Amino acid sequence: KVSKKYEMIGESVALHKIREMIEKVAPTDARVLITGPNGTGKEVVARQIYALSSRSSAPFVEVNCAAIPSELIESELFGHEKGAFTSAVKSRAGKFEQANGGTIFLDEIGDMSLSAQAKVLRCLQENVVSPVGSDKDIKINVRVIAATNKDLKAEIEKGTFREDLYHRLSVIVIGVPSLDERKEDIPLLVKHFATQICNEQGIVVKSFDEKAIALLQERSWTGNIRELRNIVERLIILGGDCISCEDVKLFV
């Protein structure tokens, strides 16, 4: 069962297509590459695949490849032996080993260094990891889901992403549309976020009048669903009991 936090909200054609793909892909062990701009909900898609898979009772381990310095990514992914580098005071299992039997989600895979990409490729080919500073291989059984906001084919052309790794990761590709491509979902999303935010703050759920919603549908959402949620929160804090188009004009 997918937790409330990772629900997919909307009835647009694009979202129906994604739901259909998730239902087909989830029960398999196929590797999935999720593409789309920042803030579109790529993690939500990954969590849905995991929740509907046969590995749903095993670990789901998330790695944000963009947030880890390139010199640490290998020990983060594959673990390290005690003394492998200055700060390695004790041996540590990497994310792949922690995800054994379950699913690893490699977010922002396009930001990974070429040397780390080479090791991930070997890991996917041979189903083994070797911790930094160790000469032994550890057998693993992990489903890999990756996500990126980059055009990986363009990155391959530039020489910053390995083509062989791309083919290993992209058995199934799910493209998540921008919010501007699914504006018909905005009313449902606003209602969902308003309920969520008011419940979190312990206040009566505020409503949005139709003109306010129409105004939100007119603007361009470069930050996508993440930006919409932030704006709904701002309107709930600063606006009236029923959010009006005046509130939207004033605070957005």
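A few points about this structure:
- Cross-link partners of residue 249 among lysines (Cα-Cα below 22 Å; sequence separation of 8 or more within a chain): 183, 191, 206, 211
- Inverse of mean 1/r across different Cα pairs in the range 169-209, Kirkwood, Å: 12.5 Å
- For the range 1-71, the spread of Cα positions along each principal axis, largest first, Å: 42, 28, 24
- Using the Stokes-Einstein relation with a Kirkwood hydrodynamic radius computed over Cα pairs, the translational diffusion coefficient of the range 76-187 at 4 °C and a viscosity of 1.567 mPa s comes to 82 µm²/s.
- Around residue 121: net Lys/Arg minus Asp/Glu count, Cβ-Cβ under 14 Å: +1
- Charge tally in the Cβ shell below 15 Å around residue 89, where Lys, Arg are +1 and Asp, Glu are -1, residue 89 excluded: +2
- Alpha-carbon Rg with Dmax, taken over the range 114-252, Å: 22.4, 65
- Expected-Rg normalisation [2.2 N^0.38 Å, Cα atoms] applied to the range 125-193: 1.68
- Within-15-Å neighbourhood charge of residue 171 [Cβ basis; K, R +1; D, E -1]: +1
- Projecting the Cα positions of 208, 228, 187 onto the charge dipole of the range 170-251 (unit charges on Cβ atoms of Lys, Arg, Asp and Glu, taken about the Cα centre) puts 228 furthest along the positive direction.
- Within the set (i) 17.3, 52; (ii) 20.9, 65; (iii) 24.2, 70, the number that Rg and Dmax of the Cα atoms in Å takes when calculated for this structure is listed as (ii).
- Test item: Cα-centred dipole of the range 133-174, Lys/Arg +1 and Asp/Glu -1 on Cβ, debye: 180 debye
- Hydrodynamic estimate: the Kirkwood radius of the range 170-252 over Cα pairs, inserted into Stokes-Einstein at 25 °C and 0.890 mPa s, corresponds to D of 185 µm²/s.
- Peptides 239-246, 112-119 ordered by average Cβ neighbours within 10 Å, highest first: 112-119, 239-246
- Among 217, 197, 56 the positive-end extreme of the charge dipole of the chain (Cβ point charges): 56
- Relative to the longest principal axis of the Cα atoms of the chain, the long axis of helix 42-51 lies at roughly 70 degrees.
Since every read-out is calculated from the coordinates, none of them should be taken as a lab result. Being a predicted model, the structure only gives us computed values, none of them experimental. Note that each Cβ is placed from the backbone with ideal geometry, even for glycine, and that neighbours are counted across all protein chains shown.
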